[in-house]
Structures are given as C-alpha cells and as structure tokens.
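The values are calculated or read from the model by the stated rules, or taken from the named source; none is laboratory data. Treat the numbers as computed from the prediction; the structure is a model and nothing was measured. Note that each Cβ is placed from the backbone with ideal geometry, even for glycine, and that neighbours are counted across all protein chains shown.
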C-alpha cells in the first residue's frame, strides 16, 4: 500500500430516550501505486443500539469503490452483535 487516509465521527444520543446508542460514519482512501492510479475508496455508516445492559446490536452499511484497486464496486450490509458476560 502506497498511501492511506481515513477518519470518522460518532455521536451518542441521537435518538431521544436512547442515550447509550451510537451512530457513526467513517471514510477511507487507500492508494496502491506511486501514481495513485489504483485507489480504493470506502464509506461506512452504522447505528449501535443497546438492547440490554449486556447486549448490543449494530447494523452496518459500507460502500467500497474499486476494492483492492482492481475489483468492481461493492455494497455491503452487515449486522454485528455483542454479548458481555
């Protein structure tokens, strides 16, 4: 990888009465050659909600333009969960 730039923002309490929920967005750009001809760009958004004191669920969507610098664009939808014992 020749270069990488990325960042993101999160915000807690976007929904009234759900102070522990978290919403976020992230962006990334990676270059795979010195000329920058092969680049991957990605945008991701998520919403993490606290179901119980020990369980969270996080739907997630990501769009990747030019994955690995050579592949077709991709749109990914996922669901993460966390259980704390």
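Scanning the range 57-75 for residues being surrounded by 12 or more Cβ atoms within 10 Å (Cβ to Cβ) and either more than 20 Å from residue 15 (Cα to Cα) or at pLDDT below 95 (or both) gives a total of 8.
Which of the residues spanning the range 50-85 are in a strand (DSSP E or B) and over 15 Å from the mean Cα position of the chain (by Cα)?
Of the range 50-85, the ones in a strand (DSSP E or B) are 50, 55-65, 74-83.
Answer for the range 50-85, where residues must be in a strand (DSSP E or B) and over 15 Å from the mean Cα position of the chain (by Cα): 50, 55, 56, 82, 83.
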